[in-house]
Each structure stands twice: as structure tokens, then as C-alpha cells.
Amino acid sequence: MAEQCAIVGGGLAGFTAYATLRHGGLAAAEIAVFGTDPDPAADWRRRADAIRQRRMRSESDGHVAATSFPGLAVRSAIRRRDAMPLVESLFDRYHPTVPEFLEHVAEVRERSGWKDSFHHRRIAAIRPVDGGFELDEAGVFAHVLLAPGHPGLAFPEGLEGDERVVHAYEPHDYAPEVEVVGAGMAAATEWLNALAAGAAVVSVRRREPERRPLNLPRELFTRRGLKGFQATSKEQRLGLLRSWSTPSYPSGRDWDEPVERARREGRFRVLPELNGGEQIICATGFKRGFRNDSLLAALVDAHALETADGWIALAPDSTIPGLTDETRTLSIAGVPGQWAFPAADTLAGHKYAARRFLRRIRACRTR
Ligand SMILES: Cc1cc2nc3c(=O)[nH]c(=O)nc-3n(C[C@H](O)[C@H](O)[C@H](O)COP(=O)(O)OP(=O)(O)OC[C@H]3O[C@@H](n4cnc5c(N)ncnc54)[C@H](O)[C@@H]3O)c2cc1C
């Protein structure tokens, strides 16, 4: 059978979808993946390396395989012959190491047949046609999942291009004194990295960061919690999504002690503005909103899709209403899918979109 579905974007969201489709019975020849790097972890690895991430932010089920179980805690317990990862996992305390996660990605990549479906190509346009979507001149596909990732790094106004500036998600070392702009997880990680490297740190922030174990309330990861979110009005949903995008990082001694010690030593202070330091690290995340992604922006404009602020209004199953019908599917995974699932930009979110995409394909096939 010819390729009948396509994934645009070959990062972790596209890859999780691919693994899910393969596990769900689709042959490699039925799926085309269009991406910019054959390694699905390439972008993630570069950013995680830049902030010297050692453990995953996610827990045991933060992986790319199709089924949630067995998670990475089981994998690690078997490998290490140690039940501790399982015990920690019971209390939501198990965070796999980055090497463990990357090894797992490499295994899934090898066994899923990814290389047979991957096409090195950036898709510039999507055109709905009868029974499917035309992707540039790459072909027509009945079911398409868009997983383009974040549309570039965000810098505070006036700082991009300044030679003292580096983004936290780009490789860097530390000057003797660094100013870290931001107040979320990447900023907190940078305070610790710079302090460990012997630097003095100025945390530049306009508000106190919130302390939350995950970016989002845990109940959103339950069926009931998510249903509640999806039942909200457009205005309420917008308010919730905005409130969850405020900077936060987890609480705990590992975060607080090094900072408190450095404060006492005079090596850590907080200022509301930049202070002329020799290195400025922008821990300011990514640009937000579909307008920053040319493919999504063109789609919204061409079909007058419903939007709210920077979000495309999706159906609960992550499909784009108006362009999805009983013969074809256009879905979104990763950060632009937050309207359907606020944690879309996590491995759990990648699975959410992937499973619903598979369900759609199956439903269309049985009609
Ligand atoms: C430092 C860091 C650590 C993180 N740690 C965790 C964690 O521990 N646990 C967790 O659950 N989540 C984590 N996340 C969040 C999330 O899992 C990652 O951001 C993940 O990489 C997102 O995957 P993605 O595929 O959506 O985007 P990306 O990894 O950015 O991949 C998107 C890909 O699509 C390509 N693309 C874009 N447009 C097109 C197009 N038109 N045609 C073809 N290709 C295109 C891009 O070039 C890119 O290769 C972390 C994020 C960061 C930044």
C-alpha cells in the first residue's frame, strides 16, 4: 500500500507518533516522515546539553514508546538489578537520567524502522485536497500530523545579537560573573550550573518564580482533570493556558541550598534589571504562538481557522476542526497542540496526540 499518512516534523513529538503508528499496525511504507534531522533527539539533545540537564524533568512514563508500560523505571530496575527506581516511581519521584532516556530513544529508533520512513525535507505548504492534504510536491496524504516543535528561541527585546548574550539552550561556558534573565526551570538550572562553575550570579527577574513540581497541575494528566479543562469556555481556557505559562521550577533542597549558600557568600543576588555584566544568559525559553511558525500561520490564514491569542483552537483529540472530516485528518502534536492538551509540549503530550491520531486513522479505515 502507498504511504497514506505523513508526519511533518521529525523531533520527539513526531517520533513518538511514528512509534505509536508502527505499534498500532501501520507498516513503515504507509508512513512518511518529513524532518530536518534523521536523529529525532537531535534538537532535544542540543538544548538539554546546553543547560547541562542530567535527569529528565518527566517521570518514568516520559518516554517515546507506544505503550506507557513498561516505563523507564522498569527498564532501569531490570538493567541495574535494583528495585529502587520502581519504589521511587510509585511516589512520582523517579526521574530517569538523560543518558538512559537517550539510549531508549536510540533503541526505539532502531526497532521502529524510522529510517525507512524518514525524508530529509522541510515542508513549506499544506493544501487540503479531496480526501487528504498535499504537502508541497511530496505527495497527497489522507492523514497528516503536524509536529513542528517550538518556532525558535525567545530573547528579551533589544538583546538578540548583543555579543554578551547567549541563550540558555545554546552551548556556552560561564564568565566569572553572569546575569541570568528569566525565572523558570532553565533559569534555575543556570543559576546552579554557573555557581557550580565558580561564577557569581545575578538573577534578573521581574517576579518571583512559582514553585511547582511539574509545569502543570498533576490532575491535568488524569482523564477527569483533562475533561474539566476541555469543558471550559474559550475565555476560561485562555486564562488557564496563560496562567500555566508563567515561569516555575520545582521546590526542594537540591534547588535551594546552593543558591542560599551562594547568597551568604555574596555570589548570588536578584535584580529587576540588567546590571552591565560581561555575560548575559537568556533563560527565556521559546517564541510563543502559531504566528512564529510560517507553516501554521499560512494554514490559519488560508482557512480562517479559529484561534485564541497564539493558540490554534483544536478539537479535544488534537485535530484541526474544519480541515478534518470522515475521510482525512489534520492533527497537531507538540507545543502548538496545547489547546487540546496543555502539556502537549512534554513526552506525555506527544503520546496524547499520537494515540488520538492513530485512533482517527483506524476509524477512517473501518468506515
Ligand atoms: C532542555 C529541554 C528539556 C526538556 N526535558 C523534557 C523532559 O525531561 N521531559 C519531557 O516530557 N519534556 C521535556 N522537554 C519538552 C519536550 O519534550 C521537548 O521540547 C521536545 O523536544 C519537543 O519535541 P517536538 O518534536 O515537539 O519539537 P522538536 O524537538 O523541536 O522537533 C521539531 C522538529 O520538526 C522540524 N520541523 C519544523 N517544521 C518543519 C517543517 N515544516 N517540515 C519539516 N520539519 C519541520 C524541526 O526542524 C525539528 O527538527 C524538554 C524541553 C527542553 C527544551
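Every number in this text was worked out from the coordinates using simple rules, so none of it is lab data. For clarity, every value in this text was computed on a predicted model and none was experimentally measured. Backbone-built Cβ (ideal geometry, glycine too); neighbour counts: all protein chains shown.
Just a few scattered comments:
- Selected from SER243, SER89, SER76 as most flexible by GNM, with the chain as the system and alpha-carbon contacts under 10 Å: SER243
- By the equivalent-ellipsoid construction on the alpha carbon gyration tensor, the range 96-140 comes out with semi-axes of 33, 12, 10 Å, ordered largest to smallest.
- Over the range 1-53: Kirkwood hydrodynamic radius from C-alpha pairwise inverse distances, Å: 11.9 Å
- At full extension, ARG122 and MET84 could sit 9.3 nm farther apart than now, given 0.36 nm per residue minus the alpha carbon distance.
- Rg(Cα)/(2.2 N^0.38 Å) for the range 70-200, N = residue count: 1.55
- Length released on extending from ALA304 to GLU157, taking residue separation times 0.36 nm less the Cα-Cα span: 49.9 nm
- Mean-square fluctuations from a GNM of the chain, with a 10 angstrom spring cutoff on Cα atoms, peak among LEU90, LEU296, LEU135 at LEU90.
- Rounded tilt (10° steps) of 347-366 against the dominant C-alpha axis of the chain: 0 degrees
- Value of D in µm² per second that Stokes-Einstein yields for the range 233-303, Kirkwood Rh from Cα pairs, at 37 °C (0.692 mPa s): 197 µm²/s
- Applying 0.36 nm per residue to the separation of GLU110 and ASP173 and subtracting their alpha-carbon distance, the gain on full extension is 19.3 nm.
- For the pair SER243 and THR222, a Förster radius of 22 Å applied to the C-beta separation gives a FRET efficiency near 0.70, rounded to the nearest 0.05.
- Tensor-based shape of the chain (alpha-carbon gyration tensor, a/c under 1.5 rounded, otherwise prolate or oblate): prolate
- Between 0 and 90°, nearest 10: helix 98-112 axis offset from the chain longest Cα axis: 10 degrees
- In the chain, helical runs assigned H by DSSP with n ≥ 4 each contribute -39500 (n - 2.57); averaged across all residues and rounded to the nearest 500, the mean residue ellipticity at 222 nm is -10500 deg cm²/dmol.
- Sorted largest first, extent of the range 155-248 alpha carbons per principal axis (Å): 50, 29, 23
- Computed from Cα positions, the angle between helix 253-264 and the longest principal axis of the chain comes to roughly 30 degrees.
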